[in-house]
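The values are calculated or read from the model by the stated rules, or taken from the named source; none is laboratory data. It should be emphasised that the depicted structure is a prediction, and the values quoted were computed from it without experimental measurement. So basically every Cβ, Gly included, is an ideal-geometry build from the backbone, and we count neighbours across all protein chains shown. When the accessible area is computed, the model is the full protein with side chains, heavy atoms only, and any ligands, DNA or RNA have been set aside. Shrake-Rupley method; radii C 1.70, N 1.55, O 1.52, S 1.80 Å.
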Amino acid sequence: MKTPYQILEVTAGADDSEIRQAYLQKVKNNPPDADQEKFREIQAANESIKDYRSRIRYELFHEQTLDFDALLDQAFGTDQPRQIDHDQFIDLLRAGVEAIELESITIEPEKT
Amino acid sequence: MNELIIGIDLGTTNSEVAVVEQGQVRVLDDGGRKILPSFVGIDDNGEILVGERARNQYLVYPERTIKSIKRLMGEDTHVDLAGQAYTPQEISAIILKRLKTIAETSLGQMVSKAVITVPAYFSDAQRQATRDAGAIAGLEVVRMINEPTAAALAYHHDQSAAQRMLVYDLGGGTFDVSVVNVEGGVVEVLSSHGDNHLGGDDFDQRIIDYLLDHLRETYGVDASKDSKAMARIVRAAENAKFQLSDQPYARIEEEYLLEHDGSPVHLSVELSRMVYEEMIEDCIDATFDALHIALKGAKMTAADIDEIILVGGSIRTPCIRERLLDEFGFEPHGELDPELCVAMGAAIQAAMIGGQQVDTVLVDVTPYTYGTSAIGMLNGEYYPFTYVPIIHKNSVLPIRKSDAFATSFDGQEVVDVTIYQGEDPDALNNVKSGEFRIEGLQDVEAGNIITLTLELDLDGILHVSAQEKETGLEKSITIKNALSRFESAALDTAKQRITSLFGQMETGPDVVEPHEEEEETSTAPEIEAAKKLIAKAESLFDQVSAEDREDMIDLIETLSNCIKANDIEGLAEPSEQLADIIYYLES
Ligand SMILES: Nc1ncnc2c1ncn2[C@@H]1O[C@H](COP(=O)(O)OP(=O)(O)OP(=O)(O)O)[C@@H](O)[C@H]1O
């Protein structure tokens with residue numbers, strides 16, 4: 001599975017404007033009419049690393065977008081909130097990521 | 001290979017069709033007219049009328065004429081046209097068919113594909129209805145694009161500098177506002193907001209209410225029950241609105257509007273721009289509220305915007321420009337005709353899809369959040385209809401998102417899923433987009449996991465599918481809104497019905513009417529006299545025989561055409577004849 005950095009062809013240390021230019025270039029070469037899957041992939045990649053906040057979030061939770069099943073198994077396998085280490089926690093606070101991101105993912109049954 | 005695809009702006013009040021030829025955008029005309037009024041009517045012989053002629057007939061036969069059908073698109077309803085019930089999709093299809101014919105006549109070749117614009121804030125149901133209208137009209141709708149986005153494309157066409165634009169689109173029936181970033185050949189919509197029922201029609205309605213109040217107070221008469229008087233009041237209100245865009249005052253004069261207690265009622269009143277602007281202030285406020293929501297959605301403030309693009313006929317209302325100037329500190333753009341630029345953008349998008357070399361890529365977003373409901377917490381309590389948003393507003397199209405849910409009791413074989421559109425944490429306060437049922441689930445304990453996937457395609461139409469995680473059992477449907485949606489059989493029937501209606505209809509621009517001026521500026525006494533005569537004649541319609549009425553209508557039409565063409569000489573003969581008939585009727 002390619003990382004967003006690979007999809008947009010930018011280095012791991014790329015800043016906002018490098019990512020933005022790479023994104024525009026990718027979109028230009030892959031219009032939504034031509035190949036929707038490819039276009040969606042570019043959009044998702046851009047969403048996950050376009051600014052500092054999203055990059056932090058990506059570092060912390062990148063399984064969420066990449067491996068939905070693993071996330072589900074985790075959510076159902078344990079009642080514990082997700083564990084993060086001290087450094088991640090500090091990063092998270094600094095990034096001002098909403099508290100909701102820290103909660104365990106609860107999945108409520110649909111009413112019938 | 002280049003394929004011919006036309007671009008259509010299917011408007012509430014006016015519709016247009018355009019194409020790109022050799023890299024140039026051209027709005028196609030019908031005998032000199034680029035704007036087709038979105039009116040549909042049936043004439044005396046049961047023939048269908050579309051455009052200017054239907055608009056003219058509205059004054060005389062409102063019951064046989066439909067206007068502003070776009071306002072009903074996506075609703076499960078019918079309109080009555082000369083005793084027959086039609087769906088909004090069918091009426092829109094009649095307009096589309098006419099536009100198709102205009103394009104075919106003008107281009108000298110058959111047309112079968114179109115890009116149609118819709119208000120950015122059109123819901124899934126309204127988009128679906130528009131697509132159905134295209135199918136009924138025999139047009140394959142290769143793409144629907146948002147009106148403000150189309151306008152941005154039209155403006156961007158010849159320039160390449162990076163810019164942040166705000167598109168303010170106030171038409172006849174809808175308001176849209178979009179924040180668009182243009183950079184490196186990519187036209188990227190960052191956010192959209194709007195109101196599907198806010199436009200020039202509402203301004204007209206305010207004046208109409210004012211006139212009805214005036215008649216009630218002055219004559220103690222309720223004109224709203226009289227359909228002919230109403231048609232004239234509607235027309236007078238719109239004319240007054242136009243005047244007030246240019247002048248501080250407008251005079252509204254309708255003689256012999258109706259009879260009350262045996263004596264004629266004349267409408268004569270003056271309306272000032274100030275009073276008018278007070279009447280519509282809440283509408284304008286609403287557009288600015290939406291504008292702020294759009295800016296917020298793009299994480300911007302007014303200071304971040306480089307230019308403003310004005311779209312839609314209603315932006316000619318002076319106070320709108322003033323307020324935009326106040327807010328942004330610079331004058332908005334208006335080089336392109338605000339009524340034509342949407343069709344032009346549609347043509348550009350059509351050319352891009354059709355394979356003509358156009359150097360722009362369009363990236364658009366959904367203005368709505370879509371989700372479902374589940375048992376959850378709301379205000380600290382368990383609540384069965386907690387909203388679970390899945391696709392968030394201002395997400396780039398196309399988009400696909402999934403969420404997982406679990407069955408709530410052992411042996412549960414069926415799950416009903418409702419899809420909502422909106423942002424309220426209580427799902428029931430949002431708009432229900434559709435419902436569907438997942439059946440045949442495994443007979444297992446509670447907690448059977450169902451993955452729900454929502455997908456918005458490039459047209460902004462929602463597709464829903466669900467999968468049982470264990471078995472991979474798939475259920476896929478496009479949102480069904482029961483009756484407002486056409487099943488394919490019903491589509492075919494509608495298509496035949498509309499086609500046969502057109503069987504008797506004149507095709508092509510055979511009725512070349514003289515160019516209509518926006519406003520008759522001429523006030524030659526002959527014209528004044530003719531207008532009075534027409535008003536008088538119309539007030540007598542109720543009391544005359546069908547034959548006399550026929551003659552009168554013909555004469556009125558001739559007179560109207562002369563007035564439009566400012567043909568004073570031509571007025572003489574029909575005026576005399578009409579005066580004779582009136583004299584004879586009254587004596
Ligand atoms: N000079 C004017 N002053 C005020 N309003 C005007 C003027 N000229 C046109 N309008 C109004 O503009 C509206 C029509 O604009 P336009 O043709 O752009 O809308 P539309 O495409 O039919 O509507 P929509 O985009 O809402 O479907 C009508 O309500 C008309 O009365």
When residues of segment B:276-290 are filtered for being within 24 Å of B:Y249 (Cβ to Cβ) and in contact (Cβ under 8 Å) with a residue 60 or more places away in the chain, how many remain? 4
Which condition does B:K393 not pass, out of (1) modelled with pLDDT under 90; (2) in contact with an Asp or Glu (Cβ under 8 Å, 6 or more places away or on another chain), if it passes all the others? (1)
Does segment B:293-337 hold any residues that are open to solvent by 20 Å² or more (accessible area, probe 1.4 Å), within 16 Å of the ligand (Cβ to nearest atom) and touching a Lys or Arg at 6+ places or on another chain (Cβ under 8 Å), and which are they? B:P318
How many residues, within segment B:367-402, are more than 12 Å from chain A (Cβ to nearest Cβ) and aliphatic (A, V, I, L, M)? 2
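If we keep just the residues of segment A:31-58 that are more than 7 Å from chain B (Cβ to nearest Cβ) and over 17 Å from A:Y5 (Cβ atoms), which is modelled with the highest pLDDT?
Taking segment A:31-58 as the starting set, the residues that turn out to be more than 7 Å from chain B (Cβ to nearest Cβ) are A:34-35, A:37-39, A:41-42, A:44-58.
Those left that are additionally over 17 Å from A:Y5 (Cβ atoms): A:34-35, A:37, A:39.
Values: A:A34: 83, A:D35: 87, A:E37: 91, A:F39: 94.
That would be A:F39.
Which count do you get for residues in segment B:167-220 that are small (G, A, S) and away from the ligand (no atom under 12 Å from the Cβ)?
Qualifying residue count for the region: 6.
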Checking B:G345 against (1) open to solvent by 10 Å² or more (accessible area, probe 1.4 Å); (2) in a helix (DSSP H, G or I), only one condition comes out false. Which one? (1)
Can you name the number of the only condition in (1) surrounded by fewer than 24 Cβ atoms within 10 Å (Cβ to Cβ); (2) charged (D, E, K, R); (3) more than 13 Å from the ligand (Cβ to nearest atom); (4) not in a strand (DSSP E or B) that B:D132 fails? (1)
A:A22, sole failed condition from (1) free of Cβ contacts under 8 Å to residues at least 40 places away in the same chain; (2) more than 23 Å from B:I145 (Cβ to Cβ); (3) surrounded by fewer than 18 Cβ atoms within 10 Å (Cβ to Cβ): (3)
Being out of contact with any Leu (no Cβ under 8 Å at 6 or more places or on another chain) and of a type in the set (S, T, Y) is the filter; apply it to segment B:403-423 and report the residue that is nearest to the other protein chains (Cβ to nearest Cβ). B:S408
Which one is least open to solvent (accessible area, probe 1.4 Å) among residues in segment B:243-267 that are modelled with pLDDT of 95 or more and among the hydroxyl-bearing types (S, T, Y)? B:S245
I'm trying to understand the selection: among the residues of segment B:385-415, which are open to solvent by 50 Å² or more (accessible area, probe 1.4 Å) and among the charged types (D, E, K, R)? B:K393, B:R400, B:K401, B:D410, B:E413
